[in-house]
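Enquirer: Right, I'll just put the structure down here and ask away after.
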Amino acid sequence: MAKSPRAKAAAGATRADIGVVGGGAAGLSAGIALARAGWSVVLVAPPPQRADGRTVALMAGSVAFLEGIGAWDAVAPHASPLASLSIIDDTDSLLRAPPITFHAGELRLDAFGHNVESATLVRALADVAAATPGLVLVEGSVADVALGETGVRLTTAAGGAIDVALAVGADGRGSKVRAAAGIEAREWSYDQSAVTAILAHDRPHRDTSTEFHTRHGPFTLVPLEGRRSSLVWLTTPRRAEDLHALPAEAFALEVERQAHSMLGAMRLDGPRGLVPMGGLSAKRFAAGRAAIVGEAAHVFPPIGAQGLNLGLRDVAALVAALGRPGGDPGAASKLAAYDASRAGDVRMRTLAVDALNRSLLAGLLPVDALRGAGLMALSAIPPLRRFVMRQGLGAAV
Ligand SMILES: Cc1cc2nc3c(=O)[nH]c(=O)nc-3n(C[C@H](O)[C@H](O)[C@H](O)COP(=O)(O)OP(=O)(O)OC[C@H]3O[C@@H](n4cnc5c(N)ncnc54)[C@H](O)[C@@H]3O)c2cc1C
């Protein structure tokens with residue numbers, strides 16, 4: 001092994017095996033999982049951002065992962081089961097596909113996963129992180145990442161130095177760690193924004209998430225506790241801004257109308273958010289003494305609840321690739337194993353989500369025919385349905 005970076009750390013610097021940059025759900029999970037595996041970990045993150053009505057549907061594989069790192073008990077009281085997933089073709093195409101519903105029971109599961117408000121998830125993970133031995137939390141942001149042959153120095157905006165053997169970038173789409181490691185990323189944008197909100201409604205959702213495929217993108221209602229659902233409405237940036245600016249009552253009425261009153265009368269029951277839609281795909285998951293996880297490595301539109309589920313699989317793969325503590329966590333062979341283990345999964349899902357989103361926006365009859373035929377095949381062929389459902393769960397079940 002190369003000379004320990006810890007031995008070379010300057011006086012006054014904090015030292016650890018691993019430095020995690022970023023305190024979103026991916027970063028906190030990474031900090032907890034790596035510390036539980038026995039590594040000494042420092043996690044640097046600013047205080048959490050305010051809630052914006054965004055929720056995450058955590059699929060069964062992610063729930064199992066959170067159970068494994070001792071975090072699920074803190075999240076579970078706030079999470080609602082997703083027993084069925086419906087897709088409704090709400091385009092005006094001549095070749096509209098029939099509605100299709102997937103039931104978790106077809107895979108002998110009670111639920112595909114659980115839906116939880118993002119801000120609540122991050123708060124719960126932060127509580128678990130604060131109580132995890134071997135994990136030191138530093139509030140602030142990293143201003144500089146200096147990658148060397150034998151170690152990495154993280155310098156905080158407040159001027160503090162942290163010397164580690166491996167930097168884990170969980171610092172989101174504008175990742176400083178990714179840039180410092182020279183990892184190239186392809187970025188693109190869609191002519192869409194997402195309006196997010198939490199709504200209360202008169203009719204029960206029966207633990208069913210419903211995705212209406214409209215010509216401007218999917219409009220999705222995902223169950224929350226009681227008669228409440230979270231909304232992700234992808235539409236043109238102009239319309240999204242208008243919707244976001246509407247008074248609460250008028251906004252709820254627009255949502256009810258777009259949902260064809262499926263859940264009855266609706267009322268705004270929490271914060272609203274507006275997110276411009278784009279994608280990002282890093283060329284590699286590791287370089288030098290840095291590894292990237294979550295949105296630092298991949299961003300795509302919120303279709304099919306993939307984003308954070310992939311991020312948690314990144315974390316699980318990184319922990320597995322690093323193996324038992326004692327050696328050098330930044331060793332090239334370990335990071336190469338991590339990179340190799342994530343490439344296929346992430347590329348496949350990035351392509352699939354992008355293709356589905358663009359097929360809706362295209363408005364071309366042959367493209368509609370292909371999308372419609374795909375959905376019809378899913379309706380009619382049970383083994384294909386089960387295969388697709390398992391893929392949606394992250395092939396962890
Ligand atoms: C509308 C919408 C709906 C979604 N629904 C789902 C869903 O149902 N299921 C799903 O799996 N995914 C979903 N996603 C995706 C999911 O929200 C993201 O994948 C996830 O939140 C990303 O988490 P992250 O920790 O990787 O990044 P982030 O949440 O962006 O966290 C990055 C963190 O890094 C910090 N940071 C940045 N720079 C620095 C620095 N220099 N120093 C220190 N800290 C820094 C930031 O402050 C932040 O805390 C959805 C996304 C959207 C937009």
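The values are calculated or read from the model by the stated rules, or taken from the named source; none is laboratory data. Since the structure is predicted, the reported quantities are computational estimates derived from the model, not experimental observations. All Cβ positions, even for glycine, are placed from backbone atoms using ideal geometry, and neighbour counts span all protein chains on display.
Enquirer: If only one of His260, His205 is closer than 23 Å to Ser80 by Cβ, under 24 Å from the mean Cα position of the chain (by Cα) and either among the basic types (Lys, Arg) or not in a strand (DSSP E or B) (or both), which one is it?
Expert: Result of the check over His260, His205: His205.
Enquirer: Follow-up question, since we're still on this one. Pick from region 111-132 the residues that are in contact (Cβ under 8 Å) with a residue 60 or more places away in the chain and in a loop (DSSP other than H, G, I, E, B): which of them is farthest from Leu224 (Cα to Cα)?
Expert: Selected residue: Thr132.
Enquirer: Just checking, does region 318-334 include any residue being of a type in the set (D, E, K, R), assigned to a helix (DSSP H, G or I), under 26 Å from Arg15 (Cα atoms) and modelled with pLDDT of 70 or more?
Expert: Yes.
Enquirer: List, please: which pairs have Cβ atoms under 6 Å, are six or more places apart or on different chains, and start with a residue in region 265-292 that is under 29 Å from Gly31 (Cβ atoms) and end with one that is acidic (Asp, Glu) and in a loop (DSSP other than H, G, I, E, B)?
Expert: Pro271/Asp52; Gly273/Asp52; Lys283/Glu184
Enquirer: Please count how many residues of region 25-52 are crowded, with 24+ Cβ neighbours inside 10 Å and either within 16 Å of Ala124 (Cα to Cα) or not β-branched (Val, Ile, Thr) (or both).
Expert: Residues flagged as crowded, with 24+ Cβ neighbours inside 10 Å and either within 16 Å of Ala124 (Cα to Cα) or not β-branched (Val, Ile, Thr) (or both) within region 25-52 amount to 13.
Enquirer: Can you name every residue in region 225-246 that is in contact with a Gly (Cβ under 9 Å, 6 or more places away or on another chain) and of a type outside the set (Val, Ile, Thr)?
Expert: Arg227, Arg228, Ser230, Leu231, Trp233, Leu234, His244
Enquirer: I've got another one for you. Please go through region 146-167 and give me each residue that is outside any strand (DSSP E or B) and of a type outside the set (Gly, Ala, Ser), ordered by number.
Expert: Once the filter is applied, which keeps residues that are outside any strand (DSSP E or B) and of a type outside the set (Gly, Ala, Ser), region 146-167 yields Glu149, Thr150.
Enquirer: I've got another one for you. Looking at region 121-131, can you tell me whether even one residue there is over 24 Å from the mean Cα position of the chain (by Cα) and small (Gly, Ala, Ser)?
Expert: The answer is no; no qualifying residue exists.
Enquirer: On the given criteria, is Trp233 surrounded by fewer than 18 Cβ atoms within 10 Å (Cβ to Cβ) and aromatic (Phe, Trp, Tyr)?
Expert: no
Enquirer: If you don't mind, there's one more thing I want to ask. Go through the residues of region 133-145 one by one and say whether even a single one is out of contact with any strand residue (DSSP E or B) (no Cβ under 9 Å at 6 or more places or on another chain), assigned to a loop (DSSP other than H, G, I, E, B) and either surrounded by fewer than 17 Cβ atoms within 10 Å (Cβ to Cβ) or at pLDDT below 95 (or both).
Expert: Within region 133-145 (the criterion being out of contact with any strand residue (DSSP E or B) (no Cβ under 9 Å at 6 or more places or on another chain), assigned to a loop (DSSP other than H, G, I, E, B) and either surrounded by fewer than 17 Cβ atoms within 10 Å (Cβ to Cβ) or at pLDDT below 95 (or both)), the answer is yes, since at least one residue qualifies.
Enquirer: Of all residues in region 146-164, which are touching a strand residue (DSSP E or B) at 6+ places or on another chain (Cβ under 8 Å) and either buried (at least 22 other Cβ atoms within 10 Å of the Cβ) or more than 12 Å from Ala45 (Cα to Cα) (or both)?
Expert: Listed by number, the residues that qualify are Ala146, Leu147, Gly151, Val152, Arg153, Leu154, Thr155, Gly160, Ala161, Ile162, Asp163, Val164.
Enquirer: May I pose another question? All but one of (1) buried (at least 19 other Cβ atoms within 10 Å of the Cβ); (2) of a type outside the set (Val, Ile, Thr); (3) touching a strand residue (DSSP E or B) at 6+ places or on another chain (Cβ under 8 Å) hold for Arg284, so report the exception by its number.
Expert: Condition (3) is where Arg284 drops out.
Enquirer: For region 165-176, state whether one or more residues are on the phi < 0 side of the Ramachandran plot, acidic (Asp, Glu) and surrounded by fewer than 24 Cβ atoms within 10 Å (Cβ to Cβ).
Expert: No, region 165-176 contains no residue that is on the phi < 0 side of the Ramachandran plot, acidic (Asp, Glu) and surrounded by fewer than 24 Cβ atoms within 10 Å (Cβ to Cβ).
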